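Worksheet: one structure, shown below.
The values are calculated or read from the model by the stated rules, or taken from the named source; none is laboratory data. Owing to the predicted nature of the structure, the values given are computational and were not obtained by experimental measurement. Glycine also receives a Cβ, built like all others from the backbone with ideal geometry; neighbour counts cover every protein chain displayed.
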């Protein structure tokens with residue numbers, strides 16, 4: 001949870017600094033951040049999450065040497081994917097204008113996105129190393145590195161936004177610098193730490209032999225996560241089409257950053273249960289995998305209730321962290337009530353998603369997410385916001401319906417799971433991913 005919170009804080013801190021430059025810079029930076037998440041970060045995060053299955057099950061099966069090979073396969077794939085994504089970011093301004101966004105906001109967002117391009121390659125490396133360490137329960141070093149990066153990021157943001165004269169572009173550069181610092185620190189740790197000697201045995205040509213197997217799981221993993229994140233980011237893009245787009249985009253972007261930050265808590269629990277389930281399935285212990293899921297569900301239910309209460313109580317104070325404009329603060333306070341409800345359902349689905357990833361059933365999860373968000377959530381959001389005139393609040397009400405539908409069907413999927421069959425599938429996956437010379 002700590003690692004997820006601290007990594008997510010980087011973009012949130014940047015948007016906070018930009019928020020004090022005015023509504024247009026805030027709207028531009030917020031739009032660019034959402035665009036970057038939709039077209040880059042979500043895809044890389046999703047592809048990297050395939051390591052939760054591969055590395056987790058290999059670690060449970062005590063095939064420790066395979067973790068380093070899986071890591072190398074993942075880095076090759078996600079870095080290659082990063083190049084076309086960087087080209088998309090370079091043309092972000094033109095793309096946003098074609099999507100009907102306000103021309104001023106689109107221009108600001110386009111400049112911001114171009115300065116963020118170095119971030120995408122660092123993020124790819126970072127996500128692979130995070131999953132590599134997470135699946136072997138080696139999380140404390142990640143937390144320390146992420147904490148140091150977040151603290152340093154505050155000073156870098158202040159210097160580049162206010163002192164250098166770069167404005168919101170300085171915040172984008174600060175993101176890039178901080179992501180690279182975090183990625184390099186993780187890479188150095190993996191290669192020199194005694195705790196990684198069994199799992200990192202150096203670069204190997206064997207990593208290129210199993211790339212196709214990785215891609216087969218990485219693509220549905222990316223689709224499963226991206227379909228969910230894209231629906232949330234679509235809220236910000238749709239807000240630019242509402243009356244008073246500067247206010248709507250600013251507030252909807254702030255609320256999205258807020259729900260992302262809070263979501264890092266159940267997402268951390270989701271990562272933990274994914275690791276536990278994949279480890280136990282790899283070790284052939286189905287009953288322990290089931291127990292891990294029950295513990296995670298109880299934990300996230302408690303967290304969700306407490307977080308929702310805190311969100312409601314502090315909803316006005318939170319707005320002042322981003323802006324001193326009373327209109328922005330008042331509107332955000334109303335939106336945060338909906339986010340408190342959303343967070344409870346989001347926590348439940350995150351645990352179900354973690355269990356699904358631990359089992360390696362991302363393909364089914366992708367279809368569930370497609371139906372939940374694009375047949376229920378987004379259509380309802382558009383209907384309530386534009387046809388019923390509810391505006392930004394209607395957009396979030398539609399997303400709440402989508403998250404509830406997702407949680408319901410993922411829950412049904414898990415209840416119908418044959419866990420003995422999942423153990424056998426895990427054993428087959430571990431064997432099929434090993435190089436032929438090792439099998440001999």
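For residue 230, the test of being in a helix (DSSP H, G or I) and touching a residue at least 24 places away in the same chain (Cβ under 8 Å) is passed.
The criterion of at least 3 residues that are over 23 Å from the mean Cα position of the chain (by Cα) and under 25 Å from residue 50 (Cβ atoms) is met, among helices (runs of 4 or more DSSP H) falling completely within the range 245-331, by 245-282, 286-313. Within the bounds of the range 390-404, is there any residue that is out of contact with any helix residue (DSSP H, G or I) (no Cβ under 7 Å at 6 or more places or on another chain), part of a helix (DSSP H, G or I) and modelled with pLDDT under 95? No, every residue in the range 390-404 fails to be out of contact with any helix residue (DSSP H, G or I) (no Cβ under 7 Å at 6 or more places or on another chain), part of a helix (DSSP H, G or I) and modelled with pLDDT under 95. Within the option set 130, 88, being crowded, with 21+ Cβ neighbours inside 10 Å and either part of a helix (DSSP H, G or I) or modelled with pLDDT of 90 or more (or both) holds for one residue only, 130.
Listed by first and then second residue, the pairs linking a residue in the range 409-425 that is on the phi > 0 side of the Ramachandran plot and crowded, with 18+ Cβ neighbours inside 10 Å to a residue that is at pLDDT below 90 and assigned to a loop (DSSP other than H, G, I, E, B), with Cβ atoms under 8 Å apart and 6 or more places separating them unless they lie on different chains, form an empty list. Are any of the residues in the range 117-126 over 19 Å from residue 33 (Cβ atoms), in contact with a helix residue (DSSP H, G or I) (Cβ under 7 Å, 6 or more places away or on another chain) and buried (at least 19 other Cβ atoms within 10 Å of the Cβ)? Yes: the range 117-126 contains one or more residues that are over 19 Å from residue 33 (Cβ atoms), in contact with a helix residue (DSSP H, G or I) (Cβ under 7 Å, 6 or more places away or on another chain) and buried (at least 19 other Cβ atoms within 10 Å of the Cβ). If the condition is being part of a helix (DSSP H, G or I) and either under 24 Å from the mean Cα position of the chain (by Cα) or closer than 19 Å to residue 218 by Cβ (or both), then the range 91-105 contributes 92, 93, 95, 96. Being surrounded by 14 or more Cβ atoms within 10 Å (Cβ to Cβ) and within 19 Å of residue 349 (Cα to Cα) is the filter here, so list the residues in the range 306-339 that pass it. Listed by number, the residues that qualify are 307, 308, 338, 339. Taking the range 149-166 as the range and being more than 15 Å from residue 9 (Cβ to Cβ) and surrounded by 19 or more Cβ atoms within 10 Å (Cβ to Cβ) as the test, the residues that pass are 160, 161. For residue 363, the stated conditions hold: it is modelled with pLDDT under 95 and in contact with a helix residue (DSSP H, G or I) (Cβ under 6 Å, 6 or more places away or on another chain). For the range 61-80, how many residues meet the condition of being assigned to a helix (DSSP H, G or I) and surrounded by fewer than 19 Cβ atoms within 10 Å (Cβ to Cβ)? Counting residues in the range 61-80 that are assigned to a helix (DSSP H, G or I) and surrounded by fewer than 19 Cβ atoms within 10 Å (Cβ to Cβ) gives 4.
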